[in-house]
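J.: Sharing a structure below in structure tokens format, with a few things to ask.
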């Protein structure tokens, strides 16, 4: 798959995290890119979230570079705002960009002062290392408890030529829908006007990052950024924007699934599919309630077809439905029909549930047209191990 | 502590659960008792929940007996309603009570047919075993994954004499606020009119069972019942009802804490105290968000003073506050002042966090008067072990 034209990437170890593993990443667009972003809805927002928001306002939605550090959230510290400002300013000077065109992002521990000197000192070698081929290095540098880097790619053929999309993301815990969960950076070389780009991101985030939960927690630092620099020279025809949006949606969905698959301690990706709910919004609420149920997630961990927990979790969504009209399938096997136990071979289904992917399908019989798709992961001892001692 | 007058208890093994441990309990009041109840708000409601609701309506709030089984929820089965009706009818006949004065309750696995014959056959020996001293046996018979029986007692001196209160409860998983979480049966021999009893239960459940979360899940079978049979002959003076209500509240709070303390896999009771929120309701939302955060709960499991997770969880409650006005104490040690790290000895606090009880106190500086107290438990590998293989 070809990367989008006109972007360069770099990474280095700036000494922010204790293990010597790259912790600073840079994404640069040769042309100023139209940028759209969604941010965490947490009441507590990290300094880089506040500054990125401000920079996008000041630059009227243009971005030239994204400066990301892992290992420290730059949140709830005395100097957070000053650190974010100083590091963006230093990067802008070296990159010869207006300061508001540099967007900061951070991920890591909350409440620990971040030394701006470490980032400023690392900037020359970070910028010296920029290359259009180092996409994967940048994707690795933004990882925290992630076990694997998470990337997704797409290419769309349009009348005037091809446009490419590449996305990277990080996140495996503190993941919950209803905000730009985690850090995600998606680049395209299509030429897309800013207002349309923002609308596209809203819609595609809604069906990808906002349909994802690992543990129901929400970070102070979440940010999902979509850049379109037009370096392909290809502006989609009015009728082609839908095609581009679908390609962006596929990239975001792949990234969101990759996060669930790599959820802290997870061994299984769980896809929840709801059909027949009164509305799409109701379907999403039912899916979210199932995805956030520790009882459902531990049952899947144990390959236990415990559909009663699924029914009960669906019943907790605050959505009106008749329990006697519910069908539940796990791995395409009917386990509940009309709200009652369906006959199935427990041994066979247990074996099917040992697979690395589990699909839970809940159908409300009747006239409802609401549907939703949602991703989460199983809940295992590994989650506890990781989180009982993350900070220290 | 003396038990309330005029009640008798019994338990037996009816063969509902696989291990031979009493699974059927009976509570009988010699005089018809005024009864108040709160039930699960799950959309999916077990047959005994529906029938208890109906019986209370038909009996105009009078109850003579409570028939409880563990090991099977009698929910989402073909015959559930008929099973609940048949067993209550059989008990009513033997106890010479009008059928609607028998209230059924069930707890256990969902979606498995419950054989009414097992209960009906056990009724003669269950009733034969009735005694005013077997309160503890009944409390043990309603347990499922509970490690310990949960009981609480109070006695109030009133002008006309003493009134006694005794409560038993069960529950250690699938525990979440905003409903009559779990099964709870509270008896008093005070003479309290039905309407007042219902108002008392609403208010006291709000500050006890509705301030409790183990895993954010809600059962289809939750029920909290308060019986007042007047056997003491003591009707409180109008001014004394407040005193009785406080005693009931203490009993319910003790029971709710006992559930959190015995949360599945839990090693620690966590008490969350919020002060200075805009409203009491906002304070409760902040507390609930912290109580439901797996990241906070795993941090406490690891004795990790990770206050950033507490701040972040508070920020997710949808309550407006200025992050720079937040103080956080753990075990009375200030860990965050004005939204920023406070200096504290990590080694000393870690040691304090090894205690079996953890207090997290979040204060919003300023003029807000909203406060709340909330209970939960730490999240450990034990929770996973129990729930990855509960059903099979």
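Readers should treat all values here as calculations from the given coordinates under stated rules, not as data from a laboratory. Computed from a prediction, not measured in an experiment: that's the story for all the values here. For neighbour counting, all protein chains shown are included, and Cβ atoms are generated from backbone atoms with ideal geometry for every residue, glycine included.
J.: State log₁₀ I(q)/I(0) for the protein assembly as shown at q = 0.06, 0.07 Å⁻¹ as given by the Debye formula over alpha-carbon point scatterers of equal weight, solvent excluded.
T.: -0.41, -0.55
J.: Can I ask one more? If we count other beta carbons within 10 Å of each Cβ, what is the order of B:232, A:208, fewest first?
T.: Ranked by crowding around the Cβ, least crowded first: B:232, A:208.
J.: With springs connecting C-alpha atoms under 10 Å apart, model chain A as a Gaussian network and identify which of A:343, A:278, A:100 has the largest mean-square fluctuation.
T.: Most flexible of the set in this elastic network: A:343.
J.: A further question on this structure: Mind jotting down the distance between the C-alpha centroids of the range A:281-358 and the range B:37-110, whole Å?
T.: 26 Å
J.: Right, here's the next one. Dividing the Cα convex hull volume of chain A by residue count, how many Å³ per residue is that?
T.: Convex hull of Cα atoms, per residue: 135 Å³.
J.: Normalising by the residue count of the range A:269-387, find the relative contact order in percent from Cα pairs under 8 Å and 6+ residues apart.
T.: 47 percent
J.: Would you mind ranking A:133, B:385 by Cβ crowding within 10 Å, fewest neighbours first?
T.: A:133, B:385
J.: Follow-up. Among A:258-264, B:70-76, B:152-158, A:20-26, what's the highest-first ranking by average C-beta atoms within 10 angstrom per residue? Can you show the working numbers first?
T.: Details: A:258-264: 25.7, B:70-76: 27.3, B:152-158: 17.6, A:20-26: 21.4.
Sorting A:258-264, B:70-76, B:152-158, A:20-26 by mean packing, highest first, produces B:70-76, A:258-264, A:20-26, B:152-158.
J.: How high is the relative contact order of the range A:7-261? Use alpha-carbon pairs under 8 Å, at least six apart in sequence, and give a whole percent.
T.: 25 percent
J.: Something else about it: With axes computed from alpha carbons, what is the tilt in degrees of helix B:116-128 against the longest principal axis of chain B, rounded to the nearest 10 within 0 to 90?
T.: 80 degrees
J.: Taking each residue in A:371-381, count the Cβ atoms of any other chain within 10 Å of its Cβ, then average. What number comes out? Please report the intermediate quantities before stating the final value.
T.: Working: counts 0, 0, 0, 0, 0, 0, 0, 2, 7, 3, 7.
Taking all residues of A:371-381 together, the mean is 2.
J.: Under a GNM of chain A (C-alpha, springs under 10 Å), which listed residue has the highest mean-square fluctuation: A:31, A:147, A:94?
T.: Looking only at A:31, A:147, A:94, the largest GNM fluctuation is found for A:94.
J.: Evaluate peptide A:341-350: per residue, the Cβ atoms of other protein chains within 10 Å of its Cβ; return the mean as an integer.
T.: 1
J.: Also, quick follow-up: Hey, what angle do you get for helix A:80-95 against the long axis of chain A, alpha-carbon based, 0 to 90 degrees rounded to 10?
T.: 60 degrees
J.: Peptide A:287-300: average number of partner chain Cβ atoms within 10 Å per residue?
T.: 4
J.: When DSSP assigns beta bridges and you keep just the ones with both residues in chain A, what percent turn out antiparallel, to the nearest 5?
T.: 70 percent
J.: What do you get for the angle between helix A:47-58 and the principal long axis of chain A? Use alpha-carbon atoms, 0 to 90 degrees, nearest ten.
T.: In chain A, helix A:47-58 runs at an angle near 70 degrees to the longest axis.
J.: Restricting to the range A:269-387, what percent of DSSP beta bridges are antiparallel, rounded to 5?
T.: 70 percent
J.: What nm distances, shortest first, do you get from the label point of residue B:238 to those in the other copies when the point sits 7 angstrom along Cα to Cβ?
T.: 7.6
J.: Defining the label point at 7 Å along Cα→Cβ, can you sort the distances from residue B:345 to the same site in each other copy, shortest first, in nm?
T.: The projected label point of residue B:345 is separated from its counterparts by 6.4 nm.
J.: Springs between alpha-carbon atoms under 10 Å, Gaussian network over chain B: tell me which of B:207, B:196, B:159 tops the mean-square fluctuations.
T.: Judging by the Gaussian network model, the answer is B:159.
J.: How large is Rg over Rh for the range B:269-387, taking Rg from the Cα atoms and Rh as the Kirkwood inverse mean of 1/r across Cα pairs? Provide the component values of the computation, followed by the final result.
T.: Working: Rg = 13.6 Å, Rh = 14.1 Å.
That ratio equals 0.96.
J.: Here's something else I'd like to know. Counting only DSSP beta bridges with both residues in the protein assembly as shown, what percent are antiparallel, rounded to the nearest 5?
T.: Restricted to the protein assembly as shown, the bridges split so that about 70 percent are antiparallel.
J.: Quick one: in chain A, whose Cβ comes closest to the A/B rotation axis, and how close in angstrom?
T.: Its Cβ sits closest to the axis: A:381, 2.
J.: Which value at 222 nm does chain B reach when only helices count, each DSSP H run of 4 or more adding -39,500 (n - 2.57), with the total divided by all residues and rounded to the nearest 500 deg cm²/dmol?
T.: Values: 11 runs with 126 residues, N = 392.
Calculated at 222 nm, the ellipticity per residue is -10000 deg cm²/dmol.
J.: When each copy gets a label point 7 Å from Cα toward the beta-carbon at residue B:99, what are the spacings between them in nm, shortest first?
T.: So the label point of residue B:99 gives 7.9 nm to the other copies.
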